[in-house]
Amino acid sequence: MTPTYWAIVILVLGALVVLLFVSQLSRRPSAAAYLGLPFAVVAGGFGLQVPQPLALAIVALCGVCVVALLVMPVLEPALPLQATEAAALLLLGTAGAIGLAQATDLLQTVVGLETLALSAVTLVALGSGERSIEAAFKYIVLGAISLASLLYGLGLVYLGSGSLAFPTAAQLSASPLTIAGVVLVGLGIAFELALVPLHWGALDAYTAAAPGLAGFVMSASKLAAAFALGRLVLAAGASIGQVFIWIGCITIIWGTFGAIAQANNLRRMLAYSAITHAGFIGLALGSGPNGPTTAGFYAAAYGSMAMLVFAGLAGPWAVDLRRLGAWRALAVGLGLFSLAGIPPTPGFWAKLAVLVVAWQAAGWLPTLIAVAGGVFSVLYYLRPIPDLFAALRADGEQRPVLVPGVVVATLAVVILSFAPGVAWYLVRGA
Amino acid sequence: MNWSLVPLMVGSIVLGWIGLLWFPSLLPDALVGPVDLPPLLNLTGGLAFILGAIGFLAAVWYVLRPQTRLEPGETSYRADGWVHAIAGAGYAVSGAFSRAQSGLLPTYALGSLLGVAIILLVRVALR
């Protein structure tokens, strides 16, 4: 059994172990999280033994899972009785994400995607209030539409090529059925990435879920979908890559304009910005032979930044940024600066890499759209900074204790800021 | 007009023109292959930092002068009319994009299906 399958098995085993203690741990989110933590760490260790580019996918996914588990203790008001289930779903969702990222044929893609999607939907539904349940319902209905697209495309690919493997460029040119099938398969996977026109449910789900869990859903789905679509694009060639270039550009435009309008709703702004980042990943995917590895690097960098922001926001005090406390305010500020692409943060290195491959393979117009998206992102990402400054200066307010998840996510962002080559090595090799 | 950024702007334009004489020889593969990471401390970055720092220190001195102290609620930056017009147009477009996310599931489903159909038809038609 390969290290990839060992990682999946360990994560599923971890989910089962956590679920065995549901009744004992339901009111103790810390214990549930720390029970599942070693499984995520060990699975991440197996990722280091996997050849590139899958090594980055497994390490990054397990890292996202670790941070989400470490944040769980402060989510108790949002998860009054379902902490154990949430921990199990985090592990199971990570296993599904790895399954999707490593998929080498269409059936594995379906299994991995649905394991991830169902875990993500349930995590969204576990948030407090009716909004989260409504958002989860919309997410699962729209997910069903994308699954229908994926399965219909799978059928067309099989009809056209006679195989369930990712179709090659030669097979695409031989049959219009195969082209139609690959486009539908790509769009089905693109739902996880939240590319336009399949982003609708993701926006409401990202907004309504509990902060740490929203960060996991956003990051893990993008990581897994980026690697799966990368394999699809590398097999199918430029004919499908062009589709993702233009879908990516439209997604960047949509997400940027939508985020600018969110003057008073930080969570909604972060959800729209996630759409913008999905657009960057989509643009990278279609940008030549170096595009898929760039998309994987971008997704990993995005995962670290998003988890930092959501780990900092987790907890009942997140409604008012001015009460975050100095350390959390610094962490959230670092995350926002990184998401805006300000050097030397990981967001800068990721955007630079996408711009380079887009210039080489996609031309001046997609590159210009990406540049504009990056520049305008500063407008909405730095809007909360005055409130974060107020949190730094607040005296006499109750200051929340810094949770380990914030520390781990901060370390990841700082390491990727000054040594992005670590992630490049995991995705591209020496 | 953000006057604190003027030194950086002037410096980048002037040094950019001067740099055209010798810069291309330093970046032969910038747009062809992978770009090497620059060192943490380098001359170009140092010059940019100094130019930016000059501008911002000048702005700090200007704002903190006794005769320019602001009343509470007053801002030091007042946008011109054309700036307001462009910003208003941008916010109008962004508001339209935001309102498209109405929260209605049938709208979302229709949008998804229409989008998939359009992308599929365009791609197959351009085969």
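Observations on the structure shown:
- Evaluated at q = 0.09, 0.15, 0.18, 0.20 Å⁻¹: base-10 log I(q)/I(0), Debye formula over Cα of the stretch A:1-157: -0.30, -0.80, -1.07, -1.21
- Euclidean distance between Cα centres, the stretch A:194-244 to the stretch A:1-72, Å: 21 Å
- Residue mean of other protein chain beta carbons inside 10 Å, B:99-105: 5
- Counting only whole DSSP H helices of chain A, the ones at least 24 Å long by C-alpha along their axis and with mean Kyte-Doolittle hydropathy no lower than -0.5 are A:3-20, A:29-47, A:54-71, A:83-101, A:106-125, A:130-161, A:176-193, A:211-236, A:238-260, A:266-285, A:291-313, A:364-381.
- Here, the stretch A:256-330 has an Rg and a Dmax of 15.0, 47 Å when only alpha carbons are counted.
- For the stretch A:266-397, the alpha-carbon coordinates run over 55, 25, 22 Å along the three principal axes, in decreasing order.
- Calculated [θ] (222 nm, deg cm²/dmol) that DSSP helices of n ≥ 4 give over chain A, each run adding -39,500 (n - 2.57): -26000 deg cm²/dmol
- Principal axes of the protein assembly as shown: Cα extent on each, largest first, Å: 77, 59, 47
- Mean partner shielding of peptide A:188-200, defined as the number of other chain Cβ atoms within 10 Å of each residue Cβ, is 3.
- Expressed as a fraction of 2.2 N^0.38 Å, the C-alpha radius of gyration for the stretch A:114-176 is 1.59.
- Counting all C-alpha pairs of the stretch A:124-218, share separated by more than 24 Å (%): 35 percent
- Relative contact order of chain A, taken over Cα pairs closer than 8 Å and 6 or more residues apart, is 16 percent.
Values in this text are rule-based calculations from the coordinates and carry no lab data. Because the structure is predicted, anything quoted here is derived from the model rather than measured. Quick reminder, even Gly has a Cβ in these numbers, built from the backbone with ideal geometry, and neighbours come from all protein chains shown.
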